[in-house]
Amino acid sequence: MARIYTKTGDTGKTALIGGTRVPKYDERIEAYGTVDELKSWVGLIHDKISDNRQKEILIEIQDRLFTAESLLAQDGSESTRLLPELKEADIEYIENEIDFINETLPPIKSFVLPGGHELISFTHITRTVCRRAERIIIKLSETHPVNPLIIKYINRLSDYFFVLARKLTIDLDAEETTWKPRI
């Protein structure tokens, strides 16, 4: 592509993979746009984190999120374009990392208030964007075909960001503040 601007979106419509033009507020655009936002937050964590293992995992996550976006952007059976796939192994990869991190963490007995360090806060924001993406994709699945592995992957990913935030609390010698409800 020689130019970044195409002028084809100037009327408030955009094309899905396969060519179908839809309004930019279409629920499919909202779904993959939110995954794109999530991918950008993951990039911020990647840029701020010093743990090389986690940096590699975050790049892998961004790659899988691009895959999810592609699958959400296709216009169904009309699309003949070959797209990357999410696999059960991608979910297992995240689950294994959650388990690996969780083994190093003290048991949790209460909800945790986000914060303690800028990187921890960014990680919690990423977790909440992930949860929003999950809600939007589940809603989309009620009216359009959605690969169930996308929902499963996004669900596990929010758990990963939660345990990563807790790990960063230890790594950065920050204080984990638990929620103490006033009852």
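The values are calculated or read from the model by the stated rules, or taken from the named source; none is laboratory data. What you see is a predicted model, and the numbers here were worked out from it, not measured in a lab. Here the Cβ positions follow ideal geometry from the backbone for every residue, glycine too, while neighbour counts run over all protein chains shown.
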Residue that is surrounded by the fewest Cβ atoms within 10 Å (Cβ to Cβ) [pool: residues in the range 148-183 that are in a loop (DSSP other than H, G, I, E, B) and modelled with pLDDT of 95 or more]: ASP173
Criterion: out of contact with any Leu (no Cβ under 7 Å at 6 or more places or on another chain) and on the phi > 0 side of the Ramachandran plot - qualifying residue of GLY43, GLY116: GLY116
Tally of residues being within 21 Å of LYS39 (Cβ to Cβ) and touching a Leu at 6+ places or on another chain (Cβ under 6 Å) across the range 154-183: 1
Residues of the range 23-49 satisfying the condition of being touching an Asp or Glu at 6+ places or on another chain (Cβ under 8 Å) and either farther than 18 Å from ILE137 by Cα or surrounded by fewer than 14 Cβ atoms within 10 Å (Cβ to Cβ) (or both): LYS48
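Can you find, within the range 8-22, the residue that is modelled with the highest pLDDT among those that are outside any strand (DSSP E or B) and surrounded by 13 or more Cβ atoms within 10 Å (Cβ to Cβ)? Before the answer, list the steps.
Of the range 8-22, the ones outside any strand (DSSP E or B) are 8-12, 16, 18-20.
Cutting the leftovers down to surrounded by 13 or more Cβ atoms within 10 Å (Cβ to Cβ) gives us 16, 18, 20.
Working: LEU16: 75, GLY18: 77, THR20: 83.
Result: THR20.
Hey, could you check the range 100-127 for residues that are assigned to a loop (DSSP other than H, G, I, E, B) and free of Cβ contacts under 8 Å to residues at least 24 places away in the same chain and say which is farthest from LYS180 (Cα to Cα)?
If we filter the range 100-127 for residues that are assigned to a loop (DSSP other than H, G, I, E, B), which is where we start, we get 103-111, 114-117.
Subsequent filtering for residues that are free of Cβ contacts under 8 Å to residues at least 24 places away in the same chain retains 103, 106-107.
Working: GLU103: 25, PRO106: 18, PRO107: 16 Å.
Across the range 100-127, the extreme among qualifying residues is GLU103.
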Count of residues meeting criterion [touching a residue at least 60 places away in the same chain (Cβ under 8 Å), farther than 22 Å from ASN147 by Cβ and either charged (D, E, K, R) or part of a helix (DSSP H, G or I) (or both)] in the range 23-56: 6
Some residue of the range 85-93 being over 20 Å from the mean Cα position of the chain (by Cα) and part of a loop (DSSP other than H, G, I, E, B): no
Of residues in the range 54-71 being over 10 Å from the mean Cα position of the chain (by Cα) and hydrophobic (A, V, I, L, M, F, W, C), the one surrounded by the fewest Cβ atoms within 10 Å (Cβ to Cβ): ILE59
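Within the range 71-85, is there a residue that is of a type outside the set (Gly, Ala, Ser) and at pLDDT 95 or above?
First, the residues of the range 71-85 that are of a type outside the set (Gly, Ala, Ser): 71-72, 74-75, 78, 80-85.
Applying the additional criterion that residues be at pLDDT 95 or above yields none.
Looking through the range 71-85, none of the residues is of a type outside the set (Gly, Ala, Ser) and at pLDDT 95 or above.
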